[in-house]
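Undergrad: Got a structure for you, written out below as structure tokens; questions coming shortly.
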Amino acid sequence: MFFNGNTFAAIGRELSFALFSDLPTLRKRAVGSATAHYIAGVLDRESMVQIVEQMCAAADLVPGTRVKTLRGSTHGVVLRVLGDGRIVFRTDAGSEFTALPEALALDHSTEN
């Protein structure tokens with residue numbers, strides 16, 4: 001690629017922004033970053049696919065769904081989705097929080 005990897009990565013990032021334009025901004029940036037890293041060769045295909053699938057799963061947040069914060073520090077269950085799209089969830093510790101859907105990810109852990 002004659003040392004033009006960054007150019008191709010930037011093109012891939014911009015294409016992913018167009019393809020995933022319906023995602024919230026934070027998740028769209030994460031998908032774009034994963035795409036660019038994959039094209040640049042610093043991210044393997046399996047990891048890239050996992051990141052993209054996780055970011056696209058935000059639309060599936062319905063009451064009863066287990067969620068965690070993107071950093072994984074807080075886990076809980078969705079109680080309701082507000083009219084403006086925000087998510088109300090109860091943490092495993094019993095507190096209730098309201099968050100934007102792009103700040104949460106599906107929690108596939110087996111802990112309850």
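Derivation of every value follows stated rules applied to the coordinates shown; laboratory data play no part. These numbers come from a predicted model, not from an experiment. A quick note on method: Cβ atoms are made from the backbone with ideal geometry, for glycine too, and the neighbour counts reach across all protein chains shown.
Undergrad: Show me the chymotrypsin sites (Phe, Trp or Tyr not before Pro) within region 1-102 that DSSP assigns to loop and that have at most 10 other Cβ atoms within 10 Å of their Cβ.
TA: Phe2, Phe3
Undergrad: Can you work out the base-10 log of I(q)/I(0) for region 61-106 at q = 0.21 1/Å, using the Debye formula on its C-alpha atoms alone?
TA: With no solvent term, the Cα-only Debye profile gives -0.55.
Undergrad: Shifting gears a bit: Relative contact order of the chain: what whole-number percent is it, with Cα pairs under 8 angstrom and at least 6 residues apart?
TA: 20 percent
Undergrad: What ranking do Ile11, Ile51, Ile87 get, fewest neighbouring Cβ atoms within 10 angstrom at the top?
TA: Least to most surrounded, the residues fall as Ile11, Ile51, Ile87.
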